[in-house]
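Below is a structure I'd like to ask you about.
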Amino acid sequence: MYESHLLLSKLNQLLERNLGLPTPPPDADLFDCGALDSLEFAGLLLQVEDEFGVSFTFEDMDLDHFRSVSGIARSIADRLP
């Protein structure tokens, strides 16, 4: 399993590289601060699945788990071996 700081670092790199987003604080609400909208969120999920080799089902889509970088990291960690 990834260590949390490594997972957060890789996720921040993904946000910067693929979405052009500056590194947000780990618990910042990405939707409320305007960093993500619904279309960008869908793209981010696809990139996360590719980058980390995980998949998310429709049932997994509790938006509260994906509002922050730390929430996304926890969701990824839950799916890693």
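Every number in this text was worked out from the coordinates using simple rules, so none of it is lab data. Because the structure is a prediction, the values reported are computed rather than measured. Every residue, glycine as well, gets a Cβ built from its backbone with ideal geometry; the counts of neighbours run over all protein chains shown.
Over every pair of different alpha-carbon atoms in the chain, take the mean of 1/r and invert it; report that Kirkwood radius in Å.
About 12.5 Å for the chain.
Same structure, new question: What percent does the relative contact order of the chain come to when contacts are Cα pairs within less than 8 Å and at least six residues apart?
It comes to 41 percent, rounded to a whole number.
Given the -39500 (n - 2.57) contribution per DSSP H run of 4+ residues, what per-residue ellipticity at 222 nm results for the chain, rounded to the nearest 500 deg cm²/dmol?
Theoretical 222 nm ellipticity from helices: -16500 deg cm²/dmol.
Give me the number: length gained by fully extending Cys33 to Leu63, i.e. 0.36 nm times residue separation minus the C-alpha to C-alpha distance, one decimal in nm.
The Cys33-Leu63 span can extend by a further 9.3 nm.
Continuing with the same structure: Scan the chain and note any complete DSSP helix (H) whose C-alpha atoms cover at least 18 Å along its axis and whose Kyte-Doolittle average is 0.5 or more.
Once both thresholds are applied, what remains is 38-52.
What FRET efficiency do you get for Thr23 and Ser55 if R0 is 35 Å and r is their Cβ-Cβ distance, rounded to the nearest 0.05?
About 0.90, to the nearest 0.05.
Dipole size in debye (nearest 20) for the chain around its Cα centre, Lys and Arg Cβ +1, Asp and Glu Cβ -1?
280 debye
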